[in-house]
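Please read the structure below before turning to the comments.
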Amino acid sequence: TDPGFAVDLSNCDREPIHILGAVQPFGFLIALTADWLVARASANSAQFIGLSPDDMLGRPVADIFEADAIHALRNRITLLRGPDSVERLFSLPLIKDGPAFDVAVHFSGPMVIVEAEPASHDEMEASSTVRSMVSRLAQAESMSAFLRDGARQVRALTGFDRVMVYRFADGGDGEVVAEALRPGIESFFGLHYPASDIPSQARALYLRNIFRIIADVQAQPVPVLPALDPHGAALDMSLCLTRAVSPIHIEYLHNMGVGASLSISIIVGGKLWGLFACHHYEPRLPTFAQRSAAELFGQIFSMMLESRERAETAHYEGMARQVADRLLSAVAQDHDLLSNARWLGDIMFDTIPADGVGVYIDGHISLSGLTPDEHAFAAIVSMLNRTAASQIFTTDNLSQLLPDAARHADRAAGVLAIPISRRPRDYVVLFRAEQLRSVRWAGKQDKHIEYGPNGPRLTPRKSFEEWSELVKGTARPFTPAELRVAEAMRTALLEVILRLSDSADAERQ
Ligand code: BLA
């Protein structure tokens, strides 16, 4: 990387967080060449094994670790599967007459990376702990209960003060969709943050390495020596458990008054769905066994979430078909219903949540819920006639198309329009209010805090303000699933309307 590259708020998606070259002080790291010579060591190694990097660099690891330890490490390395796997060993004595360590090994390119921290001698059985966590989750009745129980389980396991389920939207911004808290701390539930708070390189890394801990936000990172190998390359620490994290992110945590942070990736369908994001207001390092269990829990939680989402989609599609059928048979019996906005809203809002509905038929207007007034609605209809009159039309920011619509964004920023005649003219239109309307920061002002060099931008409150700025005038977008439902309703409506006009024709003849 360019040594003159300074990270600031405008370029932090370019910060090379996988090669920052330091570990956190709770453990140490040794990098071995393919022939098991020590190529790198973290500057704090003497604190753990009495040997400094100078004592070790260039020497065969057989001179340093006990034969049994080397044997155990070699065995584990043969178990590594795929480029992104990490193996763990518990309570392993590394040096003669020395203490035991909890150890992780993995490959970074051709190098074997050994990370170790004093053994916690935690007798916890990760698999049975996780099994009981999972069995509770399986009983959750709704998606929101499932997410909340997930947060509670992670809090029970790790002891962190705050455990959030943070979910990414398509644009990369995110929302706290569930939370478990130590009593007495401010809730972040329902708050939104801009995509920039977890920049793209961090997201890419979190897909490969699903667990990270910052055990003490105040702790000084410890360099891994030498920083560059003879070819000038830095050590890729993507998969390290002790990786010291981005100073920008540390500043964020510091500004929030957080002492320790832990996060676990939630991956659904190969994509980063979200994170368990956890804060503690003191430094905190769960044991190696607890961290391993939390990581395993994250993987199982992700799989359960994926299958729940699939079941939810199937249920939703079934419900949508029923709604279309109900619409069809009700309107066939009483076609005045079609121009009754209130009735249409009642029937449609369960499957396509919206704040208001308008109908335009033969020049007559009917409105219900949060909508523009008649005059503005007529302007929307004429815009629809000019644009995509024979197809379903959506926007999450109407004022981009109709500048006048900015006036009523608080009522109708998003539009889903279903044409209900073959020629342009008649529509059922669903409206969504600006999303800010329903989201407000609830908490008290931040308590007094000394901000880092980038100032209060790096706080959740400022993040939330930034997100608010970004989404001003926009509604929560209509999803592809909702569009499919709208399509089914359109087919149903067209069918009745055709039948009605056929019978009207028949009467005339
Ligand atoms: C990483 N940012 C993160 C992580 C979270 C957040 C959860 C994962 C690392 C961890 O476990 O702590 C974001 N944390 C939040 C948010 C809340 C929270 C939104 O608690 C809300 C309550 N961060 C910024 C800005 C930049 C930035 C403006 O806010 C850059 C301009 C950078 N965030 C940043 C970087 C990382 C990060 C670089 C990666 C840290 C690493 O893994 O090295």
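Read-outs: derived from the displayed coordinates by stated rules, not from any lab. Bear in mind that the values here come from a model prediction, so they are computed numbers and not experimental data. When we count neighbours, we look across all protein chains shown, and the Cβ atoms used for this are built from the backbone with ideal geometry, even at glycine.
For the reader, a short list of remarks on this structure follows.
- On full extension, the segment bounded by ALA504 and HIS335 gains 59.6 nm, given 0.36 nm per residue less the C-alpha separation.
- Straight-distance crosslink candidates among aspartates and glutamates, where the alpha carbon sits under 20 Å from LYS96 and sequence neighbours closer than 8 are dropped: ASP54, ASP55, ASP63, GLU66, ASP68, GLU115, GLU117
- Spatial separation of Cα centroids for the range 178-252 and the range 313-341, in angstrom: 49 Å
- Extension reserve of the ARG326-ALA145 stretch, reckoned as 0.36 nm per residue once the Cα distance is removed: 62.2 nm
- Once the Cα atoms are used to define both axes, helix 67-79 deviates from the longest principal axis of the chain by about 20 degrees.
- If you look at the Cα atoms of the range 311-508, you get an Rg and a Dmax of 20.2, 81 Å.
- Cα-projected label distance for ALA46 with GLU87, points at 7 Å along beta-carbon direction, nm: 3.2 nm
- Over the chain, equivalent-ellipsoid semi-axes from the Cα gyration tensor in Å: 56, 24, 20
- Our analysis of the range 50-146 gives Rg over Rh at 1.13, with the two radii drawn from alpha carbon positions and Rh computed by the Kirkwood formula.
- For the chain, the 222 nm mean residue ellipticity estimated from helices alone, with every DSSP H stretch of n ≥ 4 adding -39500 (n - 2.57) and the total spread over all residues, rounds to -11500 deg cm²/dmol.
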